[in-house]
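The values are calculated or read from the model by the stated rules, or taken from the named source; none is laboratory data. Nothing here was measured: the structure is a model prediction, and the numbers come from that model. Glycine gets a Cβ as well: all are built from the backbone with ideal geometry, and neighbour counts include every protein chain shown. Heads up: the accessible areas ignore ligands, DNA and RNA and are worked out on the full protein's heavy atoms, side chains in. Shrake-Rupley method; radii C 1.70, N 1.55, O 1.52, S 1.80 Å.
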Amino acid sequence: MTSWRTLILRIGEKSPDYGGTVDFRDHIETCFGLLRRELDNCEDDIFKFLLECAEQLPHKIPLYGTVVGLLNLENDGLVKKIVETIQTNLQGALDDGNCSRIRILLRFLTVLMCCKVVQPSALFVVFETLLSSAATIVDEEKGNPSWQACADFYITCILSCLPWGGSELIEQVPEEVERVIVGIEAYLSIRRHGSDIGLSVFKDSDSTGKAHSEKDFLEDLWGRIQDLSNNGWKLDSVPRPHLQFEAQLVAGKSHDIGPISCPELPNTLVALSGIAFGKQKHDAELKYPQRIRRLNIFPASKTEDLQPIDRFVVEEYLLDVLLFLNGCRKECASYMVGLPVPFRYEYLMAETIFSQLLLLPQPPFKPLYYTLVIIDLCKALPGAFPAVVAGAVRALFDKIADLDMECRTRLILWFSHHLSNFQFIWPWEEWDYVLNLPKWAPKRVFVQEVLEREVRLSYWDKVKQSIENAPALEELLPPKGGPNLKYSAEDADKTELALTSEIKAMVKGRKMAREVIVWMDENVVPVHGLDVALKVIVHTLLEIGSKSFTHLITVLERYGQVIAKICPDQEKQILLIDEVNCFWKNSTQMTALTIDRMMGYRLISNLAIVRWVFSPTNIELFHTSDRLWEILRNAINKTYHRISDLRKEITLLKRNVVSAEESVSKTQAELDAAEGKLMLVDGEPVVGENPARMKRLKASAEKAKEEEVSVRETLEAKEALFSRALEEIEALFLSMYKSFSYVLTGRLHDAFGDKESHKSNHADGITIDLEDSSAMDLDQENGGPKKSNSTGGRVSSGYSVTEKEQWCLSTLGYVKAFSRQYASEIWPHIEKLQTEISGEDTHPLFLKALYSGLGVTMDL
């Protein structure tokens with residue numbers, strides 16, 4: 001017999017538990033029939049599981065709402081408890097800022113109103129509470145406009161409920177609907193237009209003129225709701241199974257919703273400065289992030305059959321499935337292809353997934369999750385989805401010059417990983433024309449980086465075989481081969497060759513690091529100098545560790561002290577990085593890994609890495625390879641994660657201190673109580689209890705005090721480490737941005753002069769015709785490219801950007817990407833950063849790139 005849990009979980013699916021059919025009425029009747037019989041035995045379990053499923057499978061909420069409506073006819077006490085629990089959970093979600101739970105619980109309440117479980121007037125009390133709070137937040141006198149992200153979220157929640165219940169609300173309480181609509185219109189008239197500064201995937205959509213001419217997310221949703229209203233609240237994407245049971249449901253008792261309140265936000269500072277406003281705005285957008293930023297990469301013909309509101313609803317379904325089923329990718333893919341809608345949506349599904357993969361400042365989950373979901377969807381829909389994904393790749397490739405630098409990196413990582421799961425099959429001949437482009441052209445660099453990442457995931461010969469239809473692309477493959485062994489050549493310096501042989505013998509003989517240091521101090525440095533000692537020792541140790549990653553770790557652990565001895569300062573550490581880069585010049589991966597490990601063992605400082613990356617030789621490679629940027633990202637990430645880990649540890653230790661204090665108070669109180677008692681010993685009154693018990697109580701009290709002291713000492717030590725880590729990251733950001741400013745200022749003046757772009761107020765809005773778009777058009781049927789030349793050979797590049805201009809564009813893109821990615825740690829140091837980098841010679845385009853990454857305009 002099928003269990004009631006399975007029926008609740010699988011309702012609305014083509015499941016054997018329901019006979020393999022999808023008939024909503026039949027499913028609801030079957031599920032309700034079994035639940036009614038089990039209520040006496042499992043009432044609490046049913047009510048908890050039903051709520052859990054409604055929250056975590058929200059695309060089935062209309063079905064769960066109808067089941068609850070039918071249960072209301074049998075046991076209105078249980079349903080009253082369900083409504084009260086939803087209200088309690090909603091209040092908790094509001095207090096915690098749990099955006100997903102707030103949105104879904106409001107949707108559930110709306111559906112329960114349609115099923116005659118909740119009174120319409122009670123639902124509007126909730127809506128008006130949110131509306132009132134939103135209006136107060138954006139009021140410059142009473143509220144805090146820097147937290148507009150929170151206010152926008154509240155209004156979005158109200159509007160997003162209307163596709164699920166607008167028809168019933170307008171039928172039952174039209175006056176209240178009109179009152180809320182008027183309130184929303186009033187809110188939209190006083191809020192600031194959302195500009196998405198620094199968060200646009202494509203550069204052209206980040207320009208001020210375009211940003212103000214286009215609707216932001218809330219304005220767009222408002223337009224879709226107006227279209228839905230004008231269409232009589234009819235839409236195809238929301239099932240309405242309650243209508244089939246309307247005659248029964250109308251007899252149920254409608255319940256009230258308890259009052260809710262919105263949490264208080266930080267008070268507005270008197271004369272809120274630009275920096276204070278920017279900090280609070282950043283905090284608000286982190287807590288109440290925009291859920292999706294549409295890419296619109298496919299032709300309109302692919303989704304033109306959808307009503308605007310249907311597109312919004314399907315996006316909600318897809319995002320909810322991605323959110324709640326992130327721990328089970330196969331189940332996630334299964335639900336994504338089986339949404340309760342009567343139309344096809346493969347293109348919308350692909351676009352939604354890519355919008356999450358490329359979402360700025362961070363995707364909700366690690367990019368690997370979206371990679372796996374796309375792979376499973378390709379397997380679940382082999383006849384449709386792979387072609388859609390290929391179309392998305394081609395569309396993004398065509399716009400690669402306009403793609404944000406961070407998004408470009410994510411796309412490279414995703415695409416190479418995706419191809420590695422499909423035998424690296426791709427029609428590379430479509431892209432072989434990139435060889436006609438300059439080496440700094442974004443399309444050429446993209447292909448080059450994808451091939452390099454593929455080699456990391458496989459091996460050189462396999463990747464070469466995969467491009468056999470475009471053999472010329474072998475030119476873009478990374479060099480084949482392992483480490484660059486200087487002392488294996490016949491023309492190697494005999495003295496250095498002898499030294500490296502001695503070092504190998506010592507390592508083979510398992511000599512201790514201090515013995516190697518003594519040998520070095522006595523026999524190498526006095527005779528050959530420190531620079532030769534550094535080159536020979538580092539090269540030899542790297543050669544010994546080059547067999548595998550494990551060998552590298554072992555060498556660094558055993559002989560890291562030797563490297564630390566010869567590289568005590570930044571100057572020597574820069575030479576050390578140079579040696580690593582030279583040794584692994586044929587492997588970007590091993591270069592980055594080795595430098596990262598050395599930083600982890602404190603052999604290299606992050607400041608040395610910054611100085612090396614911005615050395616005169618390296619800055620010439622900023623626009624042609626990701627090699628240097630990967631090393632810099634790793635250095636910042638390691639410093640950033642060190643602070644994040646310490647912050648978590650300190651938070652946990654503070655809780656432990658509170659627990660330890662409570663334990664001390666409790667044990668001391670027990671000891672004091674015992675000592676205050678009188679007892680008879682040999683007929684004489686004696687203060688205190690039984691000596692054995694007193695001894696135990698004293699020992700417990702002393703142990704609790706010792707534990708409290710220990711926890712406090714640990715906390716003090718961690719806080720000291722945290723303080724040093726903050727100083728370290730401040731120095732890192734100051735060094736990095738001063739280096740950016742130094743290398744950019746002169747080149748920006750040479751490339752663009754002192755004039756700012758007429759089209760954009762942001763650093764990456766410079767108007768340049770990057771590509772001849774006529775060279776390649778998107779196939780209307782399968783997203784394939786159409787080459788404009790009849791011979792099928794390479795097409796003309798039409799590339800008009802000079803190398804100096806491309807260098808500036810790429811470097812500014814990384815300034816913006818780093819600022820956005822580490823904004824939380826940059827904001828506390830922004831005033832000092834402004835002082836250090838602002839000057840008469842600082843180019844405004846550099847400053848705009850920095851500030852747009854932080855999500856604000858330049859006039860802080």
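For the chain, adding -39500 (n - 2.57) for each run of n ≥ 4 DSSP H residues and dividing by the number of residues yields -21000 deg cm²/dmol at 222 nm. Positive contributions from Lys and Arg (+1) and negative ones from Asp and Glu (-1), summed over other residues with Cβ under 14 Å from the Cβ of Asp23, come out at -1. The candidates Thr495, Thr303, arranged from most to least accessible area with a 1.4 Å probe in the full protein assembly, appear as Thr495, Thr303. The figure for Asp521 is an accessible area of roughly 70 square angstrom, using a 1.4 Å probe on the protein chains alone.
Average projection, convex hull of the Cα set of region 1-45: 2.9 square nanometres. Phi angles across region 80-91 convert, under the Karplus curve 6.51 cos²θ - 1.76 cosθ + 1.60 with θ = phi - 60°, into 3J(HN,Hα) values of 4, 5, 4, 5, 5, 5, 4, 4, 5, 5, 5, 5 Hz, Gly and Pro given as x.
The order of Ile400, Ile574 by accessible area, most exposed first and with a 1.4 Å probe, is Ile574, Ile400. In region 545-686, the C-alpha radius of gyration followed by the widest Cα-Cα span (Dmax) gives 27.6, 96 angstrom.
Simple point charges give the picture: +1 on the Cβ of Lys and Arg, -1 on the Cβ of Asp and Glu, and for the chain a dipole about the Cα centre of about 1840 debye.
Given +1 at the Cβ of Lys and Arg, -1 at the Cβ of Asp and Glu and no other charges, the dipole of region 1-95 around its Cα centre is 200 debye to the nearest 20. Working note: Debye formula, equal point scatterers on the alpha-carbon atoms of region 577-655, no solvent; log10 I(q)/I(0) at q = 0.11, 0.16, 0.17 Å⁻¹ is -0.34, -0.61, -0.67. Values of log10 I(q)/I(0) for region 402-546 across q = 0.11, 0.17, 0.21 Å⁻¹ run -0.64, -0.86, -1.17, by the Debye formula with one identical scatterer at each alpha carbon and no solvent. Exceedance of the 25 Å cut-off in Cα-Cα distance is limited, within the set Lys281/Lys848; Lys718/Lys738; Lys142/Lys279; Lys511/Lys585; Lys281/Lys832, to Lys718/Lys738; Lys511/Lys585.
Estimated at the nearest 10 Å², the accessible area of Cys328 is 60 Å² with a 1.4 Å probe.
Protein-only accessible surface at a 1.4 angstrom probe places the residues Glu475, Glu630 in the order Glu475, Glu630, largest first. Phi angles across region 619-627 convert, under the Karplus curve 6.51 cos²θ - 1.76 cosθ + 1.60 with θ = phi - 60°, into 3J(HN,Hα) values of 5, 6, 9, 4, 9, 10, 7, 8, 4 Hz, Gly and Pro given as x. Treating each Cα of the chain as an identical point scatterer and summing with the Debye formula, the log10 of I(q)/I(0) at q = 0.07 Å⁻¹ comes to -0.71. Here, region 220-293 yields an orientationally averaged convex hull projection of 9.6 nm² when only Cα atoms define the hull. HN-Hα J couplings of region 356-366 from phi, Karplus 6.51/-1.76/1.60, θ = phi - 60°, integer Hz, Gly and Pro as x? Going residue by residue, I get 6, 4, 9, 5, 10, x, 9, x, x, 10, 4 Hz, with x marking Gly and Pro.
Near Leu403, the amide H atoms lying under 5 Å from its own belong to Lys203; only residues 5 or more places off or on other chains count, and H is placed 1.01 Å from N.
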